[in-house]
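Here the structure comes first, spelled out in structure tokens, and everything after it is commentary.
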Amino acid sequence: MRKIGFGGGCHWCTEAVFQILKGVIKVDQGWIQSEGKNRHLSEAVIVHFDEAVIDLTTLTSIHLHTHSCTADHAMRNKYRSAVYTFNTEQAAEVSKIIKDQQSEFDRPILPQVLSFVAFKENKEQYQNYYLKNTENSFCKTYIHPKFKLLMNRFASSIQSDLSSKLG
């Protein structure tokens, strides 16, 4: 099992996106800290995955397509657009993936490839947020559109038992 961190939007949304994917074993939701100017905690998730089922390229592509990866907005401290890596090899791999993905976007993609330093898990009441609150207005407004995008673009990566419910 490998792991990678993703940040860019609300961690409730990010958690939900990765929880429905084949090969994702577990998603830790909370805040990630890197180093230097990125040492402040920012909303993010750690995705634990089986590389034999889903690869880092697919996960990174899903991350780029399910948050505002080309928007440089005022909330980037709270919602840092980043991929948090756990070693130099993984950082090099992710950097190449992001560079290769640029052709799929009209504007420059902004996610930084950052070293993982620390993680602070969210409170239990907010863990598995979508699974506990599927019908609330937040989920319908922000998470359901991400699921539709996943169904259109990454349908083969969604758990088969969920495909019919999300479509």
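Tallying residues that are in contact (Cβ under 8 Å) with a residue 60 or more places away in the chain, hydrophobic (A, V, I, L, M, F, W, C) and not in a strand (DSSP E or B) within region 1-45 yields 7.
For region 69-77, the count of residues that are basic (K, R) and either surrounded by 21 or more Cβ atoms within 10 Å (Cβ to Cβ) or assigned to a helix (DSSP H, G or I) (or both) is zero.
Screening D55 against (1) over 16 Å from the mean Cα position of the chain (by Cα); (2) closer than 26 Å to N128 by Cβ leaves a single unmet condition, (1).
Which residue is modelled with the lowest pLDDT, if the candidates are limited to region 41-72 and must be of a type in the set (A, V, I, L, M) and over 16 Å from I97 (Cα atoms)?
Here is the first cut: in region 41-72, the ones of a type in the set (A, V, I, L, M) are 41, 44-47, 52-54, 56, 59, 62, 64, 71.
From what's left, over 16 Å from I97 (Cα atoms): 41, 44-47, 52-53, 71.
On the way: L41: 95, A44: 96, V45: 98, I46: 98, V47: 98, A52: 97, V53: 97, A71: 87.
Looking at residues that are of a type in the set (A, V, I, L, M) and over 16 Å from I97 (Cα atoms), I get A71.
The values are calculated or read from the model by the stated rules, or taken from the named source; none is laboratory data. Just so we're clear, the structure is a prediction, and the values are computed from it rather than from any experiment. Methodologically, a virtual Cβ is constructed for each residue, glycine included, from the backbone with ideal geometry; neighbour enumeration extends over all protein chains shown.
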